[in-house]
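Beneath this line is the structure, given in structure tokens, with notes to follow.
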Protein chains: 2
Amino acid sequence: MKTTLRPLVAALAAAAAFLALPAHAQGAQEPIQPIAPAVVKNPAMVELGKKLWFDPRLSKSGFISCNSCHNLSMGGSDNLKTSIGHNWQEGPINSPTVLNSSMNVAQFWDGRAGNLKEQAGGPIANPGEMAFTHELAVDMLNSIPGYQAEFKKVFSKQKIDIDQVTDAIAAFEETLVTPNSRFDKWLKGDANAITKTELEGYKLFRDSGCVACHNGAAVGGNSFQRMGLVEAYKTSNPAEGRAAVTGKDADRFNFKVPTLRNVELTYPYFHDGAADTLGQAVDTMGRVQLGKNFTKDENAKIVAFLKTLTGDQPQIGMPVLPPSSDATPRPTPFDKKK
Amino acid sequence: MKTTLRPLVAALAAAAAFLALPAHAQGAQEPIQPIAPAVVKNPAMVELGKKLWFDPRLSKSGFISCNSCHNLSMGGSDNLKTSIGHNWQEGPINSPTVLNSSMNVAQFWDGRAGNLKEQAGGPIANPGEMAFTHELAVDMLNSIPGYQAEFKKVFSKQKIDIDQVTDAIAAFEETLVTPNSRFDKWLKGDANAITKTELEGYKLFRDSGCVACHNGAAVGGNSFQRMGLVEAYKTSNPAEGRAAVTGKDADRFNFKVPTLRNVELTYPYFHDGAADTLGQAVDTMGRVQLGKNFTKDENAKIVAFLKTLTGDQPQIGMPVLPPSSDATPRPTPFDKKK
């Protein structure tokens, strides 16, 4: 009997192994693609952008840098419901991750910036964030010999201007991709890269319709969608979404679909930061976007899958910032009248 | 004539070269000693301490970390007159550099902490700084699987406690030394490591009496001295200095002498942060501590010397912080009543 069954057992094992492979390895197409490591085109510009990224002198207070709200130690986010801005102002919206943000169709939740360069100038001049002006930021940089030399090396111009600043920050941000997640390894054919539970979670995620919006290399980020498609999404957050940009009523509550890469690290979730945990986020998304009530078991499996999307985090050596000169205007964190 | 003068020229050149050497190379003793690179005794503890150093979850807001006010990109300081604390509170005193702080006789301007471990617990629980409590900080850490595992590996204990937290932070801080400054190279015998102007500045610094307080390996940090020894120091800052610790009237306005290592990076200066530039600081110190009015030329030379004290800045790879679990209490940056 042992001998007669052997071919059948082998065939079943082969079939099981085949089914554990990603769809594309079976001849079909997965709706999610792996991401590749960043290709650094201009290392000097990236290095300069990294300095600017970490430099709080780009804020009025001298205390807030890009990294304050998009912390590269914390998945490129601040892990707060909404961010803290100049003078401890409560931000209007959840700070999206900078990781893999170069893959986004546009920047900000409402897509009001077309690309990373355009986005980079926003927070510097936003009175609720860094509360500076482009003019003052550029004056500050032009007063610092270390920056003068480095900008000149990178841009070959006599004076620093805001275009160079946002170009350099965007060049740095473009390097912040997170390849080699376990799910990417599975997509590339390593059947053991994820567990059975995680695979079941992925199939639930795929077959329940989550991939309608969360697809592509970034598992999102490539479209605007209405928050509360099947059931109204209840929130006290007044953000209008895409309508604030287009002026069209049809775009109300349309937000950029966030990337789910590294979602384990970028809590809390949604534009209002209302979901503290992945379990809550999956439950809410199921109900308001898909009209599905995931069981506790299904929810846990989807969460397990989502955690396989954590990739290699960028290896960032902290820059040593060039010191201010005697001529550099000093930050003014505390207004006289407060 | 050329031939007869040659021995004299050679002798003069040798004498000049000899005089350019540091005193100890001439047989005498310099009042400043070079510093050695850090010896890492327990790499796992240092790595854990680095994570804690960068973790804003040790603050009530989830926004302020040790690095916020002792920024390792900015000479281990925040380059602000006084620091910004929880809810944008204006700090009472200038944030001292963490670089080479293990060499300090005690920690804080008034020396109220005997060592780095004792200091590390202070800001976490200070309502004007990180505004947390040790209990809440430890609860937070105990709720995070990544921290649980790492603390257990380092301390072999079942539960994380505040002693382990401050031990790890202090272990990290002990690595933050800055060897190989140009002045250290000169001290070790490289006569070309500093310029003629810088050497003249050092001689002015030494022979004017600055070294009475700014001496040793850290060029300060090893004693408490009265601010305003010869002439009263005028300030609106109410800090009392050492008297706040000892209760002795004789200790009023006695402050820990700050290290001058990396002083080029740690502006503004003094406990009240009143001196924006090194030139101002040298001028004030000359007058109030030594009764000397340095000329513009002397001042510039001393400033040039001080800039030779910038050493190799610590190479810090930003840590990836272990994510919060569902059970981790969320930060509360915004109080209901504000």
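Just a few scattered comments:
- 0 to 90° range, to nearest 10: angle between helix A:116-125 axis and chain A longest Cα axis: 50
- Label spacing, shortest first and in nm, from B:VAL40 to its equivalents in the remaining copies (7 angstrom along Cα→Cβ): 2.0
- Values of log10 I(q)/I(0), in the order q = 0.07, 0.10, 0.11 Å⁻¹, for the protein assembly as shown under a Debye, Cα-only, solvent-free model: -0.54, -0.99, -1.16
- For chain A, Kirkwood radius (reciprocal of mean inverse C-alpha pair distance, Å): 21.8
- On the rotation that sends chain B to chain A, the chain B Cβ lying closest to the axis gives residue and distance in whole Å as B:TRP88, 2.
- Ordering of A:165-176, B:305-316 by burial proxy (mean other Cβ atoms within 10 Å per residue, highest first): A:165-176, B:305-316
- Both the radius of gyration and Dmax for region A:219-338 are 20.1, 63 Å, in that order, over alpha-carbon atoms.
- Taking each DSSP H run with n ≥ 4 as -39500 (n - 2.57) and averaging over every residue of chain A yields -11000 deg cm²/dmol at 222 nm.
- For A:ASN71, the amide hydrogen comes within under 5 Å of the amide hydrogens of A:GLY76, A:SER77, A:ASP78, counting only partners 5 or more places away or on other chains and with H modelled in the peptide plane.
- The angle separating the long axis of helix A:196-207 from the principal Cα axis of greatest extent in chain A is about 80 degrees.
- When chain A is treated as a Gaussian network with alpha carbon springs shorter than 10 Å, the biggest mean-square fluctuation among A:GLU264, A:GLU298, A:GLU135 belongs to A:GLU135.
- Full extension of the chain between B:ASN126 and B:ASP276 yields a length gain of 51.3 nm, computed as 0.36 nm times the residue separation minus the alpha carbon distance.
- Taking 13 Å as the straight-line reach from the Cα of A:LYS234, the aspartates and glutamates in range (excluding those fewer than 8 positions away in the same chain) are A:ASP272.
- Region A:43-173: relative contact order as a whole-number percent, Cα under 8 Å and 6+ apart: 30
- The value of relative contact order for chain B, using C-alpha pairs under 8 Å at least six residues apart, is 24 percent.
- Inter-probe distance in nm under a simple model that places probes 7 Å from Cα toward Cβ, at A:THR246 and A:ASP207: 3.4
- Relative contact order of region B:222-316: 30 percent, from C-alpha pairs under 8 Å at least 6 residues apart in sequence.
- Dipole of chain B, positive end: most advanced residue of B:GLY216, B:TYR147, B:ALA232 [Cβ charges, Cα centre]: B:GLY216
- Partner aspartates and glutamates whose Cα lies under 12 Å from the Cα of B:LYS248, excluding those fewer than 8 positions away in the same chain, are identified as B:GLU240.
- Excluding same-chain neighbours fewer than eight residues apart, the aspartates and glutamates reachable from A:LYS159 by a Cα-Cα span under 13 Å are A:GLU135, A:ASP139, A:GLU150.
- When chain B is treated as a Gaussian network with alpha carbon springs shorter than 10 Å, the biggest mean-square fluctuation among B:ASN215, B:ASN67, B:ASN237 belongs to B:ASN237.
- Alpha-carbon centroid distance for the pair region B:254-310 / region B:152-177, whole angstrom: 35
- R0 of 35 Å, Cβ-Cβ distance B:ASP326-A:THR332: FRET efficiency to nearest 0.05: 0.30
- Dipole magnitude (debye, nearest 20) for chain A, charges at Cβ of Lys, Arg, Asp, Glu: 440
- Shielding by other protein chains, A:79-89, mean Cβ within 10 Å: 5
- About its Cα centre, the dipole of the protein assembly as shown is roughly 560 debye, where the only charges are +1 on Lys and Arg Cβ and -1 on Asp and Glu Cβ.
- Counting Lys and Arg as +1 and Asp and Glu as -1 over every other residue whose Cβ lies under 15 Å from the Cβ of B:LYS152, the net charge comes to -1.
- Taking other residues whose beta carbon is less than 15 angstrom from the beta carbon of A:LEU199, and scoring Lys, Arg as +1 and Asp, Glu as -1, yields 0.
- Calculated Rg and Dmax of region B:43-173 using C-alpha coordinates, Å: 14.0, 42
- Peptide packing: for B:48-57, A:324-333, the average count of neighbouring Cβ atoms within 10 Å per residue gives the ranking B:48-57, A:324-333, highest mean first.
None of the figures in this text is laboratory data; all of them are computed from the coordinates on show. Just so we're clear, the structure is a prediction, and the values are computed from it rather than from any experiment. As a convention, Cβ positions derive from the backbone with ideal geometry for all residues, glycine included, and neighbour counts pool all protein chains shown.
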